[in-house]
Amino acid sequence: MIEKNNLKAWLYLLPALLFMIVFMVYPIVDVFVYSMEEGYNFVSQRSSGLGLYNFSYVLHDTYFLQAVKNTFIMVIITVPISTGFALLIALALNSIQKLRELFQTIYFLPYVTNTLAVGLVFMVLFKKTAYSDGLVNLLITFFGGESVDFIDGPYWAKMFVMCFYIIWIVLPFKVLLLTSALASVNKMYYNAAKVDGTGSFRVFTKITLPMISPTVFYLVITGFIGAFKEYSDAVALFGTDLNAAGMNTIVGYVYDMLYGDSGGYPSFASAAAIILFVIVLTITCINLLVSKKHVYYS
Amino acid sequence: MKVVLDGLTKIFPPRIGKGKGVTAVKDFTFVIPDGTLVALLGPSGCGKSTMLNMICGLEKPTEGKIFFGNDDVTDLPSELRGVGMVFQNYALYPHMTVYNNIIFPLGNLKGEEKLTKEQMKEKADKVASLVQIEELMARKPGELSGGQQQRVAIARALVKTPRLLLMDEPLSNLDARLRLQTREEIRRIQRETGVTTIFVTHDQEEAMSISDVIVVMKDGELHQCGKPQEVYDDPSNLFVAKFLGTPAINIFEGRVEKEKLMIGDDTVLDVQGARDGAVIVGIRPEGFIYDKDGGLKCALDRVEVMGRDISIVSKNPACEAPVVRSIIDSDERPADDVTTVSFKLRPNKVHLFEPETGARIRFGKGRRIDG
């Protein structure tokens with residue numbers, strides 16, 4: 001009887017499993033295989049043998065190292081700042097009564113706006129050409145500073161725009177989730193704390209933050225993963241030749257290896273993708289370990 | 001500490017547009033003596049929780065003043081009033097252990113009042129032993145039963161030695177057996193600490209059994225206050241009489257003719273000093289004496305055995321409820337073939353009320369018809 005039931009269960013699961021195997025498990029395994037095949041030829045579909053050469057090549061490629069460095073800087077800067085900033089905005093939204101819906105809508109607008117359109121606007125804001133300054137540069141010169149080309153200029157300026165852009169684009173979703181998390185904290189806890197004479201900072205750290213910690217944790221994890229997979233925003237700002245701009249990311253490097261000007265190297269691309277996978281996995285595991293201590297699930 | 005409520009009124013503004021708003025509490029004046037256990041009693045929506053919230057400072061009264069001792073605390077924010085509050089759903093912080101919940105209020109103390117960890121532990125242990133939860137300190141609220149959570153909530157309210165302890169429906173989330181036990185506990189804890197305590201309840205039995213003073217409220221107004229027995233024996237109006245007592249008081253339509261009380265065609269009682277006219281008659285279940293010469297005649301429906309007493313359930317057309325409930329000694333059980341039962345009445349268990357206003361009409365020796 002149990003055997004028969006098992007068979008039935010598998011039968012019901014079959015359609016979903018089939019799709020999973022064809023479109024998920026097989027490609028992932030294939031990426032592993034590609035990454036180990038040395039001297040793979042795209043046309044003849046043959047390789048000269050198995051080994052770790054692809055990894056060694058990628059890890060010694062200056063473009064890849066630059067991409068790793070860029071990606072890490074973006075992650076380290078944007079994840080904490082965007083989460084913290086979103087929390088501040090959500091707290092503010094939660095504490096106002098009037099016009100709350102209006103502000104919520106305004107804060108959510110970037111989320112529904114097209115990435116490339118936003119990129120264009122950022123170009124206009126930050127660009128500097130021989131003939132004109134962008135709005136930001138006008139402001140800088142107005143306050144007596146030296147105008148900077150944020151799009152084609154020094155590395156720090158480009159990184160600043162990049163991070164600014166990423167934070168701006170991920171903020172709405174975080175604000176949305178945090179506002180609803182804050183609203184779902186039962187008011188009686190605040191009343192209890194108030195009667196006991198608790199200061200607002202202590203209320204925030206001891207009550208609010210633990211109560212919304214699952215949402216914060218979710219945002220941190222997805223934020224890390226999202227930032228490590230950063231690519232399209234860089235394209236929106238700096239165009240498709242990211243290596244030349246010095247603003248490539250790991251995913252950008254993978255893409256370039258597959259289809260870019262120097263494309264046609266699926267083995268190198270796979271090796272880079274595996275390295276990214278290992279990095280994300282490690283960071284996520286660390287996150288999970290940290291969360292065990294600090295996240296409260298009701 | 002004595003608490004004085006002087007003309008308290010709370011009007012909640014209307015939700016939409018310009019309306020009149022909802023008057024939750026109306027001109028409430030009352031003095032709570034030091035060290036007493038006071039029950040605010042009334043049906044749901046009568047404004048008792050609003051009263052409590054005004055006393056602890058979570059709501060601001062629209063009018064009137066609140067004094068703690070001689071201090072006017074009307075405009076004092078909640079955090080400076082030094083009251084302990086036990087919320088209806090306990091409001092224990094679910095992510096903290098019982099111990100951390102209890103010491104949470106102590107962590108708010110600043111300046112010279114600031115306590116060391118050892119002092120906090122000492123206080124927490126003391127209050128935990130008072131409410132008997134010493135062995136639960138390391139647990140989280142989610143791992144406790146309702147009664148245990150209740151104790152933790154009381155401990156948290158008491159740990160900062162408040163001047164006043166407030167409890168909002170403290171027993172409503174407990175099952176019947178635990179409720180009996182916990183109300184005794186509340187009484188004991190209140191006696192041991194001597195803290196002035198106000199608790200809100202809609203359960204008259206709960207209020208009568210443990211409190212020193214009960215305050216009966218309806219529609220935001222104070223109807224009567226006094227010792228439980230006094231209020232029960234001497235209700236000031238029909239609402240109070242109906243609200244207190246289980247089984248409930250029996251209500252009849254009656255009339256007074258020449259100082260005699262009539263129910264239907266039966267003359268049931270001498271009521272000296274009462275004016276002629278229609279009245280509402282309230283008779284407590286224990287106010288009936290089973291007697292074949294009695295004036296009040298009812299059709300016997302059934303007899304319910306309650307052990308020491310029996311309850312005679314009978315019918316009378318003048319009674320507001322479908323049946324009349326009377327409690328008499330089990331020795332006086334009517335014979336099986338009886339169909340009509342007669343009762344004499346105990347005068348002190350019979351209350352008369354004005355039919356329109358529900359105000360009490362007093363009668364008895366020495367009372368005269370005025371005018």
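Taken together, the values in this text are just the output of simple stated rules run on the coordinates, not laboratory data. No experiment lies behind these values; they were computed from the predicted model shown. All Cβ positions, even for glycine, are placed from backbone atoms using ideal geometry, and neighbour counts span all protein chains on display.
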Running Debye on chain A with equal point scatterers at the Cα sites and no solvent, what base-10 log of I(q)/I(0) appears at q = 0.07 Å⁻¹? -0.40
Dipole of region B:124-216 [Lys/Arg +1, Asp/Glu -1 at C-beta], most positive-end residue of B:Ile189, B:Gly146, B:Gln204: B:Ile189
Fewest-first ordering of A:Tyr12, A:Tyr265 by Cβ atoms within 10 Å yields A:Tyr12, A:Tyr265
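In debye to the nearest 20, how big a dipole does region B:12-77 give about its Cα centre with +1 on each Lys and Arg Cβ and -1 on each Asp and Glu Cβ?
In debye, rounded to 20, region B:12-77 gives about 500.
Decide, for region A:182-225, between rounded, prolate and oblate: order the square roots of the alpha carbon gyration tensor eigenvalues as a ≥ b ≥ c, take rounded if a/c falls under 1.5, and otherwise choose prolate if a/b is larger than b/c, else oblate. Write down the numbers at each step before the final one.
On the way: a/c = 4.77, a/b = 2.42, b/c = 1.97.
Because a/c hits 1.5 or more and a/b exceeds b/c, region A:182-225 counts as prolate.
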From zero outward in steps of 5 Å, how is the percent of C-alpha pairs of region A:187-298 spread across the bins? 2, 10, 15, 14, 12, 10, 8, 8, 7, 6, 4, 3, 1, 0
Would you tell me the mean number of C-beta atoms belonging to other protein chains that fall within 10 Å of each C-beta in B:79-91, as a whole number? 3
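How high is the relative contact order of region B:88-202, in percent, with contacts defined as C-alpha pairs under 8 Å that are six or more residues apart?
On the way: 130 pairs, mean separation 36.3, N = 115.
The normalised contact order for region B:88-202 reaches 32 percent.
Divide by every residue of chain B the summed helix terms, -39500 (n - 2.57) for each DSSP H run of at least 4, and state the resulting mean residue ellipticity at 222 nm, rounded to the nearest 500 deg cm²/dmol.
-6000 deg cm²/dmol
Reported to two decimal places, what Rg/Rh ratio describes chain B when computed on Cα atoms with Rh from the Kirkwood expression?
Looking at chain B, the ratio lands at 1.07.
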Specify the residue with the greatest mean-square fluctuation among A:Tyr253, A:Tyr190, A:Tyr131, computed from a Gaussian network of chain A linking alpha-carbon atoms under 10 Å apart. A:Tyr131
Find how many whole Å separate the alpha carbon centroid of region B:132-167 from the alpha carbon centroid of region A:231-286. 56 Å
Which of these, B:Glu113, B:Glu184, B:Glu253, has the largest mean-square fluctuation under a Gaussian network model of chain B (Cα springs below 10 Å)? B:Glu113
When a/c reaches 1.5 or more, the comparison of a/b and b/c decides; with that in mind, is region A:1-153 rounded, prolate or oblate per its Cα gyration tensor? oblate
What is the average number of partner chain Cβ atoms found within 10 Å of a Cβ in A:210-219? 1
Pairs A:Lys69/A:Lys158; A:Lys206/A:Lys292; A:Lys187/B:Lys65; B:Lys48/B:Lys126; A:Lys194/A:Lys293: which exceed 22 Å Cα-Cα? A:Lys187/B:Lys65; B:Lys48/B:Lys126; A:Lys194/A:Lys293
Under a GNM of chain A (C-alpha, springs under 10 Å), which listed residue has the highest mean-square fluctuation: A:Thr115, A:Thr198, A:Thr71? A:Thr198
Just want to confirm a number: the relative contact order over chain A, from Cα pairs under 8 angstrom separated by 6+ residues, in percent. 27 percent
Would you mind computing, in nm to one decimal, how far apart the modelled labels at A:Leu17 and B:Asp203 are, each placed 7 Å from Cα along Cα→Cβ? 5.5 nm
Report, in cubic angstrom per residue, the convex hull volume of the C-alpha atoms of the protein assembly as shown. 302 Å³
